[in-house]
1. Determine which single condition residue 369 fails, assuming it passes every other condition in (1) without any contact (Cβ under 8 Å) to a residue 60 or more places away in the chain; (2) in a helix (DSSP H, G or I); (3) surrounded by fewer than 19 Cβ atoms within 10 Å (Cβ to Cβ).
2. Do the conditions hold for residue 120, that is, is it over 25 Å from the mean Cα position of the chain (by Cα), free of Cβ contacts under 8 Å to residues at least 12 places away in the same chain and closer than 30 Å to residue 283 by Cβ?
3. Looking at the range 93-117, which of its residues are touching a residue at least 40 places away in the same chain (Cβ under 8 Å) and part of a loop (DSSP other than H, G, I, E, B)?
4. Among what's in the range 7-27 and is in contact (Cβ under 8 Å) with a residue 40 or more places away in the chain and more than 20 Å from the chain's Cα centre (by Cα), pick the residue that is farthest from residue 216 (Cα to Cα).
5. Against the condition touching a residue at least 40 places away in the same chain (Cβ under 8 Å) and closer than 21 Å to residue 51 by Cα, how does residue 325 come out, does it pass?
6. Consider residue 250 carefully, then state whether it is on the phi < 0 side of the Ramachandran plot and either more than 28 Å from the chain's Cα centre (by Cα) or surrounded by 22 or more Cβ atoms within 10 Å (Cβ to Cβ) (or both).
7. What is the number of the single condition among (1) touching a strand residue (DSSP E or B) at 6+ places or on another chain (Cβ under 9 Å); (2) at pLDDT below 95 that residue 57 does not meet?
8. Which one is nearest to residue 29 (Cα to Cα) among residues in the range 337-355 that are surrounded by 21 or more Cβ atoms within 10 Å (Cβ to Cβ) and in contact with a helix residue (DSSP H, G or I) (Cβ under 6 Å, 6 or more places away or on another chain)?
């Protein structure tokens with residue numbers, strides 16, 4: 001992509017009503033645009049990051065046997081009445097509307113009910129289980145407070161996987177696989193070293209659910225970390241009984257603010273029984289399917305990465321989710337320099353390397369460097385008038401913002417990026 005052709009532009013200031021660091025940086029760097037509180041549009045750079053995050057998640061979901069689907073957003077009242085979750089006193093963040101024929105419908109905030117109902121046509125025998133179904137789908141939640149940028153949206157993309165198992169033991173084995181899959185996702189996304197498996201309230205069918213909490217001052221949750229075990233407990237379940245159950249020593253726990261970047265729940269038969277998702281076992285008896293749900297908010301993960309990996313100059317993307325692998329920056333105006341930059345751009349493309357080329361003719365060098373630091377692509381490659389080599393710098397979260405520069409020719413740069 002040539003930066004001169006990119007319709008989004010960097011800006012010096014975010015909207016005055018935007019207080020979250022993640023949204024401030026993403027808006028100023030041209031990744032997202034705020035439409036209203038809790039509602040953001042993703043621009044070309046932002047969508048590239050979203051797709052990179054989806055690729056990481058999809059790889060892990062496929063590895064545990066997940067099958068991808070796309071379910072409807074419009075929800076029928078009767079289905080949710082069956083489980084009692086249409087009532088606003090039970091779920092207080094529905095978006096509801098009416099069709100032209102006056103039929104009341106809702107915009108899905110989750111998909112346990114519709115997928116459980118759908119699976120009745122596909123699960124009849126023990127031979128049909130276990131099965132694991134996931135999607136990337138827009139969810140709608142009528143949040144009372146939407147002031148954390150893309151960490152808490154009213155409209156957002158979620159990866160939600162649902163497991164359908166014959167027995168509790170079969171469910172528990174898969175549940176443990178999903179814990180490890182989530183650990184791998186957050187490691188690949190660049191925040192594994194600051195993300196903790198966290199025990200949280202479990203509801204009716206398990207003593208605990210599990211959250212994955214990333215440390216950040218922007219977090220809305222308080223967790224208590226056991227550094228030796230590398231796990232934590234949410235403040236909501238931090239009591240003597242729980243700590244004893246988990247063999248935690250209260251005196252060793254460290255309090256921290258964190259944001260939830262993923263969660264997993266054992267659902268038991270909470271949805272399969274009222275919606276009559278049954279299977280016939282080996283003896284011919286009918287039993288309810290054992291279920292679990294596993295969620296990751298994709299924009300929330302993107303926002304969490306920005307909260308964790310940024311400095312006073314801008315964003316510092318992990319290479320795994322960066323919109324481009326390298327930011328090629330032309331400085332100066334000589335014909336020789338322009339030709340070297342164009343040749344480098346073509347060779348990077350030919351090598352299959354994703355490159356953003358700052359070829360803007362009327363933008364000063366200082367402004368280009370400031371934009372590059374704000375945009376946060378982890379490798380910056382500068383082509384100038386005088387030096388026949390390319391000055392290569394790594395964008396890092398540090399006092400200086402970049403590591404010491406290295407001079408390379410184009411073949412060395414290609415090998416460096418690919419390594």
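The values are calculated or read from the model by the stated rules, or taken from the named source; none is laboratory data. The model shown is predicted, which means the values in this text are computed figures rather than measured ones. So basically every Cβ, Gly included, is an ideal-geometry build from the backbone, and we count neighbours across all protein chains shown.
1. All conditions pass for residue 369, except number (3).
2. Values: over 25 Å from the mean Cα position of the chain (by Cα): yes; free of Cβ contacts under 8 Å to residues at least 12 places away in the same chain: no; closer than 30 Å to residue 283 by Cβ: yes.
Answer is no for this residue.
3. Initial filter on the range 93-117 (touching a residue at least 40 places away in the same chain (Cβ under 8 Å)): 93-95, 110-117.
If the condition is that a residue be touching a residue at least 40 places away in the same chain (Cβ under 8 Å) and part of a loop (DSSP other than H, G, I, E, B), then 93, 94, 110, 111 are the ones that fit.
4. Our first condition is that a residue be in contact (Cβ under 8 Å) with a residue 40 or more places away in the chain; within the range 7-27, this holds for 10, 18-26.
Still in the list and also more than 20 Å from the chain's Cα centre (by Cα): 10, 18-19.
On the way: 10: 25, 18: 18, 19: 15 Å.
The qualifying residue farthest from residue 216 (Cα to Cα) is 10.
5. Values: touching a residue at least 40 places away in the same chain (Cβ under 8 Å): yes; closer than 21 Å to residue 51 by Cα: yes.
So residue 325 passes the test.
6. Numbers: on the phi < 0 side of the Ramachandran plot: yes; either more than 28 Å from the chain's Cα centre (by Cα) or surrounded by 22 or more Cβ atoms within 10 Å (Cβ to Cβ) (or both): yes.
The answer is yes for residue 250.
7. For residue 57, the failing item is (2).
8. Looking at the filtered set, the residue picked out is 355.
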